[in-house]
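The values are calculated or read from the model by the stated rules, or taken from the named source; none is laboratory data. The structure displayed is predicted, hence computed values, not measured ones. Don't worry about glycine lacking a Cβ; one is built from the backbone with ideal geometry, like all the others, and counts go over all protein chains shown.
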Amino acid sequence: MNKDEVRKPALNTIEVVGTKIDTRHYIGGQRVASAEAFTNTSPIDGSFLGDICRGTQLEADLAVAAAKKAFPSWAALGPKGRGELLLRLAELVEENIETLAQLETIDNGSLLRSHRRGVMPRVAMNIRFFAEWAINELQHPDFETRGHTNKISWDPSGVAVLITPWNAPLMLATWKIGPALAAGDTVILKPAEWTPLSASFFADLTKQAGIPDGVFNVVQGFGKEVGAALVAHPDIARISFTGSVPTAKVIARSAADNLTPVSFELGGKSPCVVLEDADIDLAVELAVEQYDNAGQVCLSGTRILVHENIADAFALKFKEKALQIIQGDPRDEATQIGPQIHQVHFDRVKGFVDRAKESGANIVVGGEPNTDLGGLYFRPTLVMNPDPTSEIVTSEVFGPVLCLQTFKTDEEAIAMANSTEFGLAAILVSGNKARAERVAKELVAGTIWVNCFFVRDLRAPFGGSKKSGIGREGGNWSFDFYADVKNTVVSPNGWKE
Ligand code: NAI
Ligand code: MG
């Protein structure tokens with residue numbers, strides 16, 4: 001992506017994987033073109049996918065105005081009225097799983113089989129879950145204060161701006177779109193510039209589902225341009241962002257001017273703690289899973305912390321498994337790991353590993369691009385016993401790069417696990433329930449997975465401690481953010497009837 005190059009949008013629609021995709025924004029139910037465009041490519045082979053309209057302040061203003069206009073009647077529909085349309089939208093996603101999976105894979109390079117079988121069905125589930133939650137679960141029993149009744153409600157709050165990343169584009173977007181629309185907010189989605197396709201197609205589905213014009217809008221373009229214009233807008237009620245810590249700081253500063261509430265799901269450098277009594281095979285299996293999505297997962301347990309007495313046995317088995325990982329075209333059924341998203345990101349990941357090598361780190365698996373495949377494919381990498389203060393241990397690499405460190409006691413493991421600025425997740429592997437419970441209690445993170453990984457129930461809170469985020473998503477936690485939570489106190493006195 002060359003941000004300086006001024007491109008003109010060439011075509012209103014492009015054909016990608018046999019599907020017609022509109023390259024324009026979706027604002028107020030209409031397709032809106034921009035004067036300029038940006039180039040979208042596929043990480044699989046670098047091929048050109050199309051020029052996409054590049055939003056500016058103008059499109060941000062248009063989208064906010066459209067969303068603001070649509071808000072009162074969307075809010076007035078109530079959870080049931082909105083739910084009917086959202087359930088139809090979930091069905092349309094289900095009917096289009098194959099198309100969505102193909103589009104997402106060509107655009108972001110994640111595995112086609114997981115998009116088909118896991119991710120896109122979850123996109124539908126995200127929408128359905130929050131629509132049904134708003135209808136059936138979002139309630140609090142009334143309670144009395146000296147004869148007065150407290151009635152708690154979750155009221156629509158206004159226009160929600162959703163800024164999303166490229167690592168799981170539609171999946172992460174619908175964690176936000178689902179509850180925001182179900183809560184009665186109207187939405188402006190700004191998808192990541194490296195992966196705009198699924199959002200544009202999804203916009204067509206919202207139209208087909210009968211979601212009224214202006215309720216759901218998509219504005220495409222760069223974060224620093226249209227993203228910045230959206231989050232600084234005085235007429236928005238909520239900002240929900242998933243992405244990096246530096247960008248979150250910029251957005252928070254901008255939000256401060258209008259005191260716009262923010263929800264942030266940021267990065268991580270999560271530990272995978274393997275206690276001395278752990279089932280080593282299970283620990284190895286869970287550790288190797290941390291390479292999933294070529295390491296481009298915010299909650300990935302990239303710091304493998306292993307008790308010193310089992311470290312050699314663990315490392316041996318880990319190496320064996322890691323070397324068997326099949327890297328290749330994400331559309332092949334056998335592939336386990338695909339490419340990095342973009343040249344810029346690939347260079348960033350490689351830079352981390354190159355600097356680790358230069359400083360003498362012991363790289364026992366991978367450590368270099370996969371030259372057999374060329375392009376953006378980086379080999380699964382393991383750095384053994386790195387300097388605990390080095391950047392490979394403290395910074396989020398967001399690539400297939402894991403570190404292995406050892407510890408002597410549970411206390412030391414806890415201290416190491418909690419030693420970064422992040423706190424998104426932690427994985428704990430142990431054979432003893434009481435011990436696991438004791439250690440889990442001391443780990444500082446939004447989610448702790450004990451002898452498992454990636455089990456995610458939408459009823460549960462998800463989010464980060466420390467620099468990994470602000471707020472939680474899931475169940476009522478999502479609605480506490482997107483809605484205006486209100487208490488109406490009704491007196492027993494003064495009634496005339
Ligand atoms: P980023 O945080 O810059 O981008 C994420 C989203 O924010 C994109 O849609 C982008 O256009 C938008 N954005 C950027 N600047 C903005 C601004 N000033 N105002 C409003 N929106 C803005 O992430 P990027 O550059 O794609 O990746 C860099 C690193 O961030 C990764 O290597 C990884 O470490 C981390 N990351 C973490 C993710 C997570 O899931 N927590 C997802 C993506 C990246
Ligand atoms: Mg792309």
Glu396 vs. criteria without any contact (Cβ under 8 Å) to a residue 60 or more places away in the chain, in contact with a Phe, Trp or Tyr (Cβ under 8 Å, 6 or more places away or on another chain) and within 16 Å of ligand 1 (Cβ to nearest atom): no
Among the residues of the stretch 314-324, are any in a strand (DSSP E or B) and buried (at least 23 other Cβ atoms within 10 Å of the Cβ)? no
Note: among Gly301, Gly295, just one is closer than 23 Å to Thr406 by Cα, surrounded by fewer than 24 Cβ atoms within 10 Å (Cβ to Cβ) and within 16 Å of ligand 1 (Cβ to nearest atom), namely Gly295
Counting only residues that are of a type in the set (Gly, Ala, Ser), more than 16 Å from ligand 1 (Cβ to nearest atom) and either in contact with a helix residue (DSSP H, G or I) (Cβ under 8 Å, 6 or more places away or on another chain) or free of Cβ contacts under 8 Å to residues at least 60 places away in the same chain (or both), the stretch 427-468 contains a total of 4
Within the stretch 190-240, tally of residues that are away from ligand 1 (no atom under 11 Å from the Cβ) and out of contact with any helix residue (DSSP H, G or I) (no Cβ under 7 Å at 6 or more places or on another chain): 5
Look at Trp194 and say whether it is within 15 Å of ligand 2 (Cβ to nearest atom), closer than 29 Å to Trp133 by Cα and surrounded by fewer than 23 Cβ atoms within 10 Å (Cβ to Cβ). no
Can you tell me how many residues in the stretch 314-350 are hydrophobic (A, V, I, L, M, F, W, C), farther than 26 Å from Arg116 by Cα and within 14 Å of ligand 1 (Cβ to nearest atom)? 2
Just give me the residues in the stretch 284-302 being closer than 14 Å to Ala426 by Cβ and more than 20 Å from the chain's Cα centre (by Cα), in sequence order. Leu286, Ala287
Would it be correct to say that Gly81 is surrounded by fewer than 21 Cβ atoms within 10 Å (Cβ to Cβ) and among the small types (Gly, Ala, Ser)? yes
What is the one condition in (1) farther than 20 Å from Asp213 by Cα; (2) out of contact with any Asp or Glu (no Cβ under 7 Å at 6 or more places or on another chain); (3) hydroxyl-bearing (Ser, Thr, Tyr) that Tyr26 does not satisfy? (1)
Please list, ordered by first then second residue, the pairs with beta carbon atoms under 6 Å, 6 or more apart or interchain, first in the stretch 353-373 and within 19 Å of Ala315 (Cβ to Cβ), second part of a loop (DSSP other than H, G, I, E, B) and not hydrophobic (A, V, I, L, M, F, W, C). Val353/Gly367; Ala361/Pro386; Gly366/Arg379; Gly366/Pro380
Residue in the stretch 129-146 that is surrounded by the most Cβ atoms within 10 Å (Cβ to Cβ), counting only those that are out of contact with any Leu (no Cβ under 6 Å at 6 or more places or on another chain) and assigned to a helix (DSSP H, G or I): Phe130
Set Leu62, Leu58: member being under 21 Å from Leu181 (Cβ atoms) and not polar (S, T, N, Q): Leu62
Set Leu92, Leu100: member being within 28 Å of Ala134 (Cβ to Cβ) and in contact with a Phe, Trp or Tyr (Cβ under 7 Å, 6 or more places away or on another chain): Leu100
Could you list, in sequence order, all residues of the stretch 372-393 that are within 16 Å of ligand 1 (Cβ to nearest atom) and surrounded by 17 or more Cβ atoms within 10 Å (Cβ to Cβ)? Leu376, Phe378, Thr381, Ile392, Val393
Which pairs do you get when a residue that is among the basic types (Lys, Arg), found in the stretch 291-318, comes within reach of a residue that is at pLDDT 95 or above and assigned to a strand (DSSP E or B), reach meaning Cβ atoms under 6 angstrom, with the pair 6+ apart or on two chains? Arg303/Pro271; Arg303/Cys403
